[in-house]
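Here's the structure, in structure tokens; my notes come after.
The values are calculated or read from the model by the stated rules, or taken from the named source; none is laboratory data. As the structure is a prediction and not an experimental result, all values here were calculated from the model. Cβ placement follows ideal geometry from the backbone for every residue including glycine, while neighbour counts extend to all protein chains displayed. What goes into the accessible areas is simple: the full protein's heavy atoms, side chains included, and nothing from ligands, DNA or RNA. Shrake-Rupley method; radii C 1.70, N 1.55, O 1.52, S 1.80 Å.
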Amino acid sequence: MEVSVMGSSQVNLGRNDLVCREVGNCSFTKSFNSNISSSSSLKSSKLCIKLRSKSLNGFSLKASACSQPEPLISKNNRKTKTTDGVKLFVGLPLDAVSSTNTINHARAIAVGLKALKLLGVDGIELPVWWGVVEKETRGKYDWTGYLALTEIIQKLGLKLHVSLCFHASEEAKIQLPEWVSQIGESDPSIFFKDQSGQHYKDSLSFAVTDVPVLDGKTPVQVYKEFCESFKTAFSPFMGSTITGVSVGLGPEGELRYPSHHNPSKMNNYQGAGEFQCYDKYMLSSLKQYAESNGNPLWGLGGPHDAPGYDQPPMTSTFFKENEGSWETTYGNFFLSWYSEQLISHGSRLLSLASETFHDVPISICGKVPLVHSWYKTRSHPSELTAGFYNTANRDGYVEVVEMFAKHSCQIILPGMDLSDNLQPNKSLSSPELLVAQITSSCRKQGVEILGQNSMVANTPNGFEQIKKKLSSEKEMSLFTYQRMGADFFSPEHFPAFTQFVRNLNQPELDSDDQPTKQEERVASNHLQMQAA
């Protein structure tokens, strides 16, 4: 069985029936089991992906360039302009390299990369996990799987952005290094803790960033040694294939507290989350802060009147719209300390990354989350529990962006596919207004934004929203689409992504650059010849 998926940047198709009727479903399961349907090909093709049935348990894949018409005649070699020169990257699967340091889904990834190259994608994002590379012993690094993937990417002529992940991932089934987890068993306070005593063990507490809790070393020292080893191992690719590195700043790689690690299931919209300040190191820091401010009783714990994970935030005294505790002197005291811990941690990690890679021609960045639930309230409760002291009375992103500017780092901002009109009314959410606020701060500080989507094939009109953002946000130079996998190459998604890339690169002609009659005849002849 053979399936073709094709797309073109030469001709505007204009009709859904010319795009695709059915497309093969490329499965990224371990056994490569595949559900592949028959397909009719896209017209006017530049890219061809072929999937052949091989056995009951697998299939072979092939990507190749297909024949296409010669380029149109260009009068006076005039140039066309594309959408603001934004580069397009695509993320590899989170588990592209397994916990045993081997490449997962190797054949599917290889054909997927070749397909993206032929489609016109500029580069690839690769998550590199602390728990894979430094798995068993501190200071013992194994880059085997990641080096192999980087060589494949280099041979295809694609650029590479590397994400250094200092957290664990349940989705990717990647844990923290075994030696770190062993330390955590004897001292669980190296992990975040909520008011009920539940620990979040996928990321280290921000309060231990500069505390020697890892075999006599601080997490910052361990992260720096990791970055230096990475720099040495990948030196042949730095500045050529590897053009950017992002450093993980917290849970899921983002600069935030794990305030929603106990996900809300209430009425399909989220509560405010909970403050994560009850491990012994956070409480020690809070106690010192309270004593230095002359209010030692304020250092005994977090707010007593804040809601639980799933509770509506406005039912609590702390987040109450009018006369809530968040507007009191105590509220300002606690939220200032809580956000300062976050920013101090982020600054330390961005500083070590800038110091490590200062002599390499690559960009350095970190990810800021788009915590948009309850944004239309005065207190912005979800942002407060996540560590961003952003309310109707205070712009909490100014100091965050200033931190990135201080270390000459770029900001990765997700959620570019989200629109306000598709958010649940009860969540009082506004991803568009939040993006505008963060973008405004970046513009004032001269910090460049690297955009991302929220998730594959799950956002209605997501591609239209992304293109709108890419056209309007002048601070954005790169957009990374997350991420490759079964959903990405599914019949429901990949043709739409192909069309998105083609539209993104569609030339916009100036008024005096419209095609001449001769050029129109040439184009018409090309189409007729191809149809024949």
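Quick notes on this one:
- For Glu254, the residues 5 or more places off, or on other chains, whose built amide H falls under 5 Å of its own are Leu249.
- Cα-based shape type of segment 189-264, given that a ≥ b ≥ c are square roots of the gyration tensor eigenvalues and the cut on a/c is 1.5: oblate
- Other residues within the sphere of radius under 9 Å centred on the Cβ of Gly123, judged by their own Cβ, net out at 0 (K and R +1, D and E -1).
- Charge tally around Ser419: other residues with Cβ under 11 Å, Lys/Arg +1 each, Asp/Glu -1 each, net -2.
- In this structure segment 367-505 gives 36 Å² per residue of accessible area when probed at 1.4 Å with all protein chains present.
- Net charge contributed by nearby residues that have their C-beta within less than 15 Å of Lys376 (K/R +1, D/E -1): -2
- Protection proxy ranking, highest mean first, for peptides 464-475, 279-290: 279-290, 464-475, where packing is the per-residue count of other beta-carbon atoms within 10 Å, averaged.
- Protection-proxy order for peptides 323-334, 133-144, each taking the mean of Cβ atoms within 10 Å per residue, highest first: 323-334, 133-144
- Per-atom-type breakdown for segment 312-400 gives carbon and sulfur 47% of the accessible area (1.4 Å probe, protein chains only).
- Solvent-accessible area, 1.4 Å probe, carbon plus sulfur percent, for segment 459-504: 52
- Largest accessible area first, the residues Asp417, Asp95 order themselves as Asp95, Asp417 under a 1.4 Å probe with ligands, DNA and RNA left out.
- Measuring between their Cα centroids, segment 206-232 and segment 409-430 lie 33 Å from each other.
- With protein chains left intact and a 1.4 Å probe, residues in segment 154-204 average 46 Å² of accessible area per residue.
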